[in-house]
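Inspection log for the structure reproduced underneath, given as C-alpha cells.
The values are calculated or read from the model by the stated rules, or taken from the named source; none is laboratory data. All figures in this text were calculated on a predicted structure; none of them were measured in a lab. We place every Cβ from the backbone using ideal geometry, glycine too, and count neighbours over all the protein chains shown. Side chains are part of the model used for accessible areas, which takes the heavy atoms of the whole protein and leaves out ligands, DNA and RNA. Shrake-Rupley method; radii C 1.70, N 1.55, O 1.52, S 1.80 Å.
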Amino acid sequence: MIFLVSQLFAKNWLKNIALAMLFSVFSLFSFNTFAQVEDTIIDTEKETELRIERLAEDTEDQLDFTDLLDQLDYLARNPINLNKTNFEELKQIPFLTDIQINNFLNHIREYGKLASVYELQSVEGFTLDVIDRLLPFITVSDDVRGSTLTFNEIMKNSKSELFFRVQRVVEDQKGYSAISDSALQASPNSRYLGSPERLYTRFRIKYHNNLSLGFTAEKDPGEEFFTGTQKNGFDFYSAHFFIKDMWGIKALAIGDYLAQFGQGLTLWTGLSYGKSADAVFIKKSTIGLKASTSSDENRYLRGAAATVDVGIFEVTGFYSKKNIDANIKSEIDSLMNEDVFVSSFDETGIHATPSEMNKRKALGENIFGGRAAYRTDRVHVGVTGVRYMYDVSIQKTFSTYKQYEFTGKDNTVVLKRPRQLSLE
C-alpha cells in the first residue's frame, strides 16, 4: 500500500512520508475495528457482499453499490422485529414484494404475533428459500418496547467509521506509458492525465437508521490528484446530514441525498436494481428520502429535502441544484446563428482524458418538486410532481427507441400512483 501511495507524489518526499503514515494509521484502525465485530455479523456481511458482487457481474455499468450494502448491513445489525413492524419498515428489505408484505401483515392481523420465524411458512409467498434469505434481517420477539430517542442516547450509542481504499492494476497500461510531445499533441486522448491509482475514502457518524453525518471522496484511475485539473485533490466530494423519525420529522436531508418514489417513473436517484440472475434483487425498493453515501457522481440530488407526517397524510418537498457530466455540442445554421445543445449524458464519472474533462460538470441541473401520500394499513395513494430545469437545451440524436425521451430545457412530470393493499 505504501508503495502505491508513494507513486502519487514521487517528486515530493514530504507528502510521501505523511501519506504513508496516515494510511498506516487507517489500516491499523480498520483492523482493530473489524476484529471486534461478531462472527455472525461478519458471515452475513460476506454473504451480502457475494450477492452484490453477483449483481455487479450482471451489470455492464461501473456502479457503486455502497448505499445498498449499507442498507443490508444496517438490517443485519438491527433485525426487524416481525411482531412490531409495518409496511414501510418491511419495504427496506429489497427482495420482499408488496404482495408478500401485505400477506404477512394480514396474517398478523388475523392470527396475532409470531412464535417463530418459521411460522412464515404458513404465509402465502414465503417459501423456505425466501425465509432463508430473510433470516439475517429479521427476528421474532415479544419485547415490543421502544428505546427513548434522546441526545444522550445518540451520543452514547452512535457509531463512527473511517474507511480508506487504494486500488491499482498491477500490469502496465498503455494509457500511462511515456509518449513524445508530438504524438501526444496529435492524439491528446491517447494518454491519461493522472496516476493509475483509484483512491476512495469515507467518514461517517451513524445512529441506527435515525442519524447519518459524513463525507465521501473519490479519485478514479487516470484522474489527476492535487495537480493539473484537480487542484483540490479528489475528483469527487460528497457530504450529507440526514435524520429520520427524530424530533417530529419523518425525514430531513441536507447536502447529498437520494429520492426514490413509486417505481421511479417520475423520480428515482441512486442505484436502480431490478434485473439480476440472483432472485434476491427482483424489484425496486422504494425508500423515499435517504442519505447519499456512494461515489456515484451523477445519480444523486444535492440540496435539501424533508418529509413530514400530517395524520394519515405524508408530505415531501425536495430541491436540488448541481452540475452533471454531459456532452455539449454547437452547430452553426444557415443564418450563422450558433446552436448550443446537449447531445448525451455521461454517467461514468471518470475524467481521465481531456475529452472526459470537457464533459465534467458541463450541464447545470435544477430539480424540485414534492409528493403527497395518503396511507393506511390497507390503502396507499400517492401523487408525485417533479420539475427538471437545465441551462442548455437537450437534443439527443434521433433513434427509434429514443423518440419519446425528453428534449428541451424544462420538463414537468406529475404521476398519481394508487395501490390498494387489501380488499378485506
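Residue order by solvent-accessible surface for 404, 237, 388, 111 is 404, 111, 237, 388, largest first, with ligands and nucleic acids left out and a 1.4 Å probe.
Among the protein heavy atoms, those of residue 368 account for about 80 Å² of accessible surface (1.4 Å probe, every chain in place). Ranked by solvent-accessible area (1.4 Å probe, protein heavy atoms only, all chains present), the residues 247, 268 order from largest to smallest as 247, 268. Ranking 207, 192 from most to least accessible surface, computed with a 1.4 Å probe over the protein chains only, gives 192, 207. Please label the shape of the stretch 95-140 as rounded, prolate or oblate, based on the square roots a ≥ b ≥ c of the eigenvalues of the alpha-carbon gyration tensor (a/c under 1.5 means rounded; beyond that, a/b larger than b/c means prolate, else oblate). It comes out oblate by the Cα gyration axes. The Cα atoms of the stretch 296-418 cover 59, 32, 25 Å along the three principal axes, with the biggest extent listed first. Across the cross-link table entries 231/329; 91/321; 91/409; 91/219, which are compared at the Cα atoms, the separations over 31 Å belong to 91/409; 91/219. Taking amide hydrogens as placed 1.01 Å from N in the peptide plane, the amide H of residue 227 sits under 5 Å from those of 233, each at least 5 positions away in sequence or on another chain. For the peptides 355-361, 254-260, 69-75, the ranking by mean Cβ contacts within 10 Å, running from highest to lowest, is 254-260, 69-75, 355-361.
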